[in-house]
Amino acid sequence: MKSVNTTFPNEKLPMTTKRQYHIITFGCQMNKADSERMAGILEDMGFEWSEDQYDADVVICNTCSIRDNAEQKVYSYLGRQARRKRQKPDLTLVIAGCVAQQEGETLLRRVPELDLVMGPQHANRLQDLLDQVFDGSQVVATEPVQIMEDITKPRRDSKVTAWVNIIYGCNERCTYCVVPSVRGVEQSRTPQAIRAEMEELGRQGYKEITLLGQNIDAYGRDLPGLTPEGRRENTLTDLLYYVHDVPGIERIRFATSHPRYFTERLIKACAELPKVCEHFHIPFQSGDNEILKRMARGYTHEKYRRIIDQIREYMPDASITADAIVAFPGETEEQFQKTMQLTEDISFDLLNTAAYSPRPNTPAAEWSEQLSEEVKSDRLQRLNHLVNIKAAERSQRYMGRIEEVLVEDENPKDRNQVMGRTRGNRLTFFAGDIKELKGKVVQVKITVVRAFSLTGECVSDCC
Ligand code: SAH
Ligand code: SF4
Ligand code: F3S
């Protein structure tokens, strides 16, 4: 066996010096959750977190490929680390995540200094893969696998809020999106495994859980079981009822919802279950039916509006957030105006906007009617302007109100303040001592409103 890395264990180091790792994470909450699990594995293996990536012995870059020239960014990042490796041959360089899956062996060919290229489905196998690297191999792990049940203890960034994956992958075929090709087919975890993880989090003192899936409404489609009435047994709604009473957990959120599969039963459950927060993240992508069809989204803007109306019927104050894409291939000004109209009509609490970006292995990237950069940035600017106005309007409803806030941390810009989130997910600041308030749910009277955040005064006894 060839020995590229003779690094583990490094006998030259004093016994007290732990080997160090650093993880840089791009992309969505899935990637952040994967990074936390990989960090947990590394700590179990005896590694210690290094704040400075250029001091670490193992560097993992967990990449995102959703838009722009993600691949190019990874290559330019790797340039510097590859130079460092030439000075420090025992450095272990890992590319994980969606660009790793997309590029696979090409990454190794272009950057021979790399030790490991691993797709997102392999995150829980990090120890096994690193052992192969330490034995002297260069490893590419991108083949589809049954995701290993989560036996790792993630090293979570927060001590108050935590992510819990409930379904991996995505079976949709939105024509712009790279996710299905990099995250693989849907794989739901069992309700028992999810509940067990939440119970452990509750015991450790976590207060808020966000259940995660790229298309969370697909949860359970791949699990067996029908109710006596012939309905699928394991839906997201059933899961919410099943995990709702986990001791210690005070708030439950979930993301991301897909309008095609969103049900009234789910809305009712959210209205009925006190721990489930009144916040819905339901991307609409476009307000025009023709564009939605070409995106293969499987709903119309009318259906989207009906969902929001229904949510507001049951929970008038619910906060609604979404994602939208402008300048999809062939989008006319008139069609773009439909997206503006929907944004105007719904009044989102937050809308994540992006200009369409062609991605490898997606149908829309091949279409001829790609729009110019000028059109993209002009539409993006106009939509963002509207989003800010609407979010500021939506924030006004909080003025003078008493909101329930779960305190997460101190305000990094003002150490005399703490920060947390309302049930509707608005970031909220108020004067207080983090040592006393961290992880507490308190009542805050809102005195200042901004488009995307609030400031107030604590009116609970503990403050
Ligand atoms: N699963 C979620 C979103 C996943 S990706 C859903 O179905 O909505 C997050 C967001 O990135 C998408 O909602 C979309 O708005 C944006 N996005 C995805 N692919 C894109 C592309 N090729 N160009 C621009 N934005 C894109
Ligand atoms: Fe991408 Fe569509 Fe799947 Fe969302 S539902 S991850 S946009 S393919
Ligand atoms: Fe990016 Fe992969 Fe998430 S492409 S958005 S990190 S699923």
**Message:** Could you check the stretch 195-230 and list, in sequence order, the residues that are surrounded by fewer than 20 Cβ atoms within 10 Å (Cβ to Cβ) and of a type in the set (Lys, Arg)?
**Reply:** Arg195, Arg203, Arg221
**Asked** Any chance the stretch 183-192 includes a residue that's away from ligand 3 (no atom under 14 Å from the Cβ), more than 25 Å from Gly46 (Cα to Cα) and among the acidic types (Asp, Glu)?
**Response** no
**Prompt:** How about the stretch 333-427: which helices (runs of 4 or more DSSP H) wholly inside it have at least 2 residues that are over 23 Å from Cys177 (Cα atoms) and small (Gly, Ala, Ser)?
**Reply:** 373-395
**Asked** Taking into account only those residues within the stretch 178-208 that are of a type in the set (Val, Ile, Thr) and out of contact with any Asp or Glu (no Cβ under 9 Å at 6 or more places or on another chain), which is farthest from Val243 (Cα to Cα)?
**Response** Val178
**Prompt:** List, please: which pairs have Cβ atoms under 6 Å, are six or more places apart or on different chains, and start with a residue in the stretch 419-435 that is not assigned by TED's automatic domain parsing to the domain that holds Glu250 and end with one that is part of a loop (DSSP other than H, G, I, E, B) and surrounded by 21 or more Cβ atoms within 10 Å (Cβ to Cβ)?
**Reply:** Arg423/Cys277
**Asked** Looking only at the stretch 167-181, which residues are crowded, with 21+ Cβ neighbours inside 10 Å and either within 11 Å of ligand 3 (Cβ to nearest atom) or farther than 27 Å from Glu366 by Cα (or both)?
**Response** Ile167, Tyr168, Gly169, Cys170, Cys177, Val178, Val179
**Item:** Residue list for the stretch 55-79, restricted to those being away from ligand 3 (no atom under 16 Å from the Cβ) and in a helix (DSSP H, G or I)
**Value:** Asp55, Tyr75, Ser76, Leu78, Gly79
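Every residue, every condition in (1) over 20 Å from Leu437 (Cβ atoms); (2) within 16 Å of ligand 1 (Cβ to nearest atom); (3) not aliphatic (A, V, I, L, M), yes or no:
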residue	(1), (2), (3)
Leu380	yes, yes, no
Lys390	yes, no, yes
Met399	yes, no, no
Glu410	no, no, yes
**Message:** Six or more apart or on different chains, Cβ atoms under 7 Å: show the pairs whose first residue is in the stretch 345-359 and in the same structural domain as Leu371 (by TED's automatic domain parsing) and hydrophobic (A, V, I, L, M, F, W, C) and whose second is within 13 Å of ligand 2 (Cβ to nearest atom) and in a loop (DSSP other than H, G, I, E, B).
**Reply:** Ala354/Arg67
**Complete:** Per the filter on the stretch 195-221, residues over 19 Å from the mean Cα position of the chain (by Cα) and part of a loop (DSSP other than H, G, I, E, B) are Gln204, Gly205, Gly220, Arg221
**Message:** For the stretch 352-367, check the following and say yes or no: at least one residue is crowded, with 18+ Cβ neighbours inside 10 Å and more than 16 Å from ligand 1 (Cβ to nearest atom).
**Reply:** no
**Asked** Inside the stretch 296-325, can you point out the residues that are in a strand (DSSP E or B) and within 17 Å of Gly424 (Cβ to Cβ)?
**Response** Ser319, Ile320, Thr321, Ala322
**Fill in**
Here the qualifying pairs (Cβ atoms under 8 Å; residues six or more apart or on different chains; first in the stretch 448-463 and in contact (Cβ under 8 Å) with a residue 12 or more places away in the chain and within 15 Å of Arg401 (Cβ to Cβ); second small (Gly, Ala, Ser) and part of a strand (DSSP E or B)) come out as Glu457/Ala431; Cys458/Ala431
**Request:** Being charged (D, E, K, R), in contact with a Phe, Trp or Tyr (Cβ under 8 Å, 6 or more places away or on another chain) and closer than 28 Å to Ala451 by Cα is the filter here, so list the residues in the stretch 289-341 that pass it.
**Result:** Asp323
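Among Ala100, Ala162, Ala123, Ala141, which is the only one that is closer than 20 Å to Ser181 by Cα, more than 16 Å from ligand 2 (Cβ to nearest atom), of a type in the set (A, V, I, L, M, F, W, C) and within 17 Å of the chain's Cα centre (by Cα)?
Ala123
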**Message:** Name the single residue that is farthest from ligand 2 (Cβ to nearest atom) among those in the stretch 182-194 being part of a helix (DSSP H, G or I) and crowded, with 18+ Cβ neighbours inside 10 Å.
**Reply:** Pro191
**Message:** Among the numbered criteria (1) hydrophobic (A, V, I, L, M, F, W, C); (2) assigned to a helix (DSSP H, G or I); (3) within 12 Å of ligand 3 (Cβ to nearest atom), which one does Ala82 miss?
**Reply:** (3)
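Okay, residues lined up against (1) at pLDDT 95 or above; (2) under 28 Å from Lys438 (Cα atoms); (3) crowded, with 18+ Cβ neighbours inside 10 Å; (4) not assigned by TED's automatic domain parsing to the domain that holds Leu212:
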| residue | (1), (2), (3), (4) |
| --- | --- |
| Arg232 | no, no, no, no |
| Gly248 | yes, yes, no, no |
| Arg260 | yes, no, no, no |
| Cys270 | yes, yes, yes, no |
| Phe284 | yes, no, yes, no |
| Gln310 | yes, no, no, no |
| Thr321 | yes, yes, yes, no |
| Ala327 | yes, no, yes, no |
| Gly330 | yes, no, no, no |
**Request:** Select from the stretch 50-72 the residues that are under 18 Å from the mean Cα position of the chain (by Cα) and among the hydroxyl-bearing types (Ser, Thr, Tyr) and write down the one among them that is farthest from ligand 2 (Cβ to nearest atom).
**Result:** Thr63
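The values are calculated or read from the model by the stated rules, or taken from the named source; none is laboratory data. The structure presented is a predicted model; accordingly, all values stated were derived computationally and were not measured. Every residue, glycine as well, gets a Cβ built from its backbone with ideal geometry; the counts of neighbours run over all protein chains shown.
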